[in-house]
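Right, one structure below, let's go through it.
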């Protein structure tokens, strides 16, 4: 991976142009200490000849590296995660917003995106073309914004659902795609690595355990106690026969729901748990919306990553279209908050936002966002 | 699939209905002005029901099914405005009506809707709109929500036949909740509609049809397990319902939405009669039926409620309140590009739209009128300007 041969004059003259621009330098095989690299995608609506592509619902297919970064961070505590994507091909048309999306999508999830400029962009910078230098300034602004390393980007995820897995081996595909597709459906989740399992996080309402193997004795005991205490366990054949009484109605026809103690266990009617899209969709259906930590109206293909807790929540919003949508967006966050602030590299200063109390939470009307904003409520 | 007693009666009754326009007897329609969805709402609705002869006579000891309007996704708003203030039937109207039904002795009250692309619980759907379902469920004893966008967990449907064979559909297969009720109520929002001109108590019933049979993802031979997509086949006729259900008539069937949708609505309300029509517009929208129908949409507060025992008469009064003519023909507002649903329902003998045959009680038309027609003209001008660039 190479940085552009030429940089704008101010940086070209510098001994360390990359660092001056707010970047770290990455050359293959020479990583700074404490950094790991994962392979990822260009964030945004999936690029395809003739326009975007669609997912199983007909909605545009969105690529995000958020789940990869979160998984890598969990598996490599204390290390910084960089995401490396395939470089754009010479005939690819890359909009400036796609660079901004790559940066924002990674940073919102506490990672960093390795910027590899496409050839047209490089040539534009070489020739000091106005479009290229403007795009470069915007990219630099975004990098600088996230370079301030505010703790907004490092708060823990806020969610009512946990996905428990070893995320490896036979379970890799299914567990990874569940994370990917749950995020796509704006279903917040926490990650729990069963290979290092000690206890379930506090405050959970539901757990997905979709691994092919039966849980260990310790994990099984923890999950059973979670259910008896009122939690919902969504699991497959590996759990074995569910104790308890089958409910006559289930929120989704694909699952039979058993009451056990104060809680419930949901097991697929056909014992199969092999379609990650359905696992994620059914998890939302089974969990319900009573425990939502956030809701979005007119969210379109916004990605939302809620973090923090009931005292301080930050919701990272990433507009994967890279364009301001036609419909104004409203955000509801569960909790009794007093004030709201929007942080974004799209504005010179943070914006104080009005909030209204609405049914156990606060509702905030957002200004147009083309790429990224973090709404912080306290 | 069951051929129900109701279907048998409908088939038998069809022979008695002559194949021409039938002038139904005149109906009484109650109109009330209501400033908001707060304390004024219950006395206003209560008074209107009394003006119609009292709810008790209609619902005591009966199972009541109330079809409400929750069109579109619960996460799609017109601007920042709550869904119930623009295109959803307001939960206060649903709750107060259920409360009054319970007080009048209804044995069981079921709130029915076929929400967008899901067989999930309605409670979950309305939570996404930021409603609290318990406020409706606790409005009276034995209130429940039923998602009618499929055949329920037992995958069973009830067949309703259309008198006269229908303009387009000779019959429909619906969720059994539409049969397992003694009283069927349409609780609609007063709105313009881009395809059908207006959407009132009858058009609200477009959504009683399950998308497992009539949706984009409906099974070809039999209903799909769960519903997906919208009812495109009703608009364009490009495909047929699942083969297990009544198919479109094979001749003289139009292919444009402006002809098809009004006909199908008329067929539906003839097949599944409405006993009580309630149309609310304390707050609503003008220019279309949902936020997806822009540009030129407006949030408006007509502050009016309408109720009647006949849906055609009720919708006719609503049209007058909107400053439209219920006798309007295709080509004139609000039916610029569609047929008049009221006229088509009238042809089925469902009721009359003729103002001379309808008694309006409560507020007068002039007192309660809100000029949707003028806003419609503004929308047309806006679209014209945009097209001209």
### Message
Take residues that are touching a residue at least 60 places away in the same chain (Cβ under 8 Å) and surrounded by 15 or more Cβ atoms within 10 Å (Cβ to Cβ) and tell me which of the helices (runs of 4 or more DSSP H) falling wholly in the range B:289-389 contain 3 or more.
### Response
B:311-321, B:341-347, B:372-388
### Query
Restricting attention to the range A:313-329, does a residue exist that is at pLDDT 95 or above, under 30 Å from residue A:258 (Cα atoms) and touching a helix residue (DSSP H, G or I) at 6+ places or on another chain (Cβ under 7 Å)?
no
### Message
I'm checking my understanding of the structure. Among residues of the range B:147-160 that are surrounded by fewer than 21 Cβ atoms within 10 Å (Cβ to Cβ) and more than 10 Å from chain A (Cβ to nearest Cβ), which one is nearest to the chain's Cα centre (by Cα)?
### Response
B:156
## Note on the structure
Residue hits (the range B:60-79; within 14 Å of another protein chain (Cβ to nearest Cβ) and closer than 21 Å to residue B:278 by Cβ) are B:72
### Query
Looking only at the range A:256-288, which residues are assigned to a loop (DSSP other than H, G, I, E, B) and surrounded by fewer than 21 Cβ atoms within 10 Å (Cβ to Cβ)?
A:261, A:262, A:269, A:270, A:271, A:272, A:274, A:275, A:288
### Query
Considering only residues of the range A:324-333 that are within 11 Å of chain B (Cβ to nearest Cβ) and in contact with a strand residue (DSSP E or B) (Cβ under 9 Å, 6 or more places away or on another chain), which is farthest from residue B:292 (Cα to Cα)?
A:332
### Message
Checking the structure you have, find out if any residue of the range B:167-187 is touching a helix residue (DSSP H, G or I) at 6+ places or on another chain (Cβ under 7 Å) and under 28 Å from residue A:330 (Cα atoms).
### Response
yes
### Message
Taking the condition of being modelled with pLDDT under 95, in a loop (DSSP other than H, G, I, E, B) and within 14 Å of another protein chain (Cβ to nearest Cβ), how many residues in the range A:339-378 meet it?
### Response
2
### Summary
Checking B:129, B:140, B:119 in turn, the sole residue that is more than 9 Å from chain A (Cβ to nearest Cβ), buried (at least 20 other Cβ atoms within 10 Å of the Cβ) and in contact (Cβ under 8 Å) with a residue 40 or more places away in the chain turns out to be B:140
### Message
Among (1) closer than 30 Å to residue B:287 by Cβ; (2) surrounded by 19 or more Cβ atoms within 10 Å (Cβ to Cβ); (3) within 14 Å of another protein chain (Cβ to nearest Cβ), there is one condition residue B:212 misses while meeting the rest; what is its number?
### Response
(1)
### Filtered residue count, the range B:71-84, keeping only those that are in contact with a helix residue (DSSP H, G or I) (Cβ under 7 Å, 6 or more places away or on another chain) and part of a loop (DSSP other than H, G, I, E, B)
6
## Note on the structure
Just one listed residue, out of A:98, A:122, is surrounded by 15 or more Cβ atoms within 10 Å (Cβ to Cβ) and out of contact with any strand residue (DSSP E or B) (no Cβ under 7 Å at 6 or more places or on another chain), and it is A:122
### Query
Of the residues A:291, A:316, which is within 14 Å of chain B (Cβ to nearest Cβ) and touching a strand residue (DSSP E or B) at 6+ places or on another chain (Cβ under 9 Å)?
A:291
### Task
Look at residue A:296 and say whether it is within 14 Å of chain B (Cβ to nearest Cβ), surrounded by fewer than 22 Cβ atoms within 10 Å (Cβ to Cβ) and part of a strand (DSSP E or B).
yes
#### Entry: Scan of the range A:330-354 for residues that are surrounded by fewer than 19 Cβ atoms within 10 Å (Cβ to Cβ) and in contact with a helix residue (DSSP H, G or I) (Cβ under 9 Å, 6 or more places away or on another chain), ordered by number
none
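The values are calculated or read from the model by the stated rules, or taken from the named source; none is laboratory data. As the structure is a prediction and not an experimental result, all values here were calculated from the model. A quick note on method: Cβ atoms are made from the backbone with ideal geometry, for glycine too, and the neighbour counts reach across all protein chains shown.
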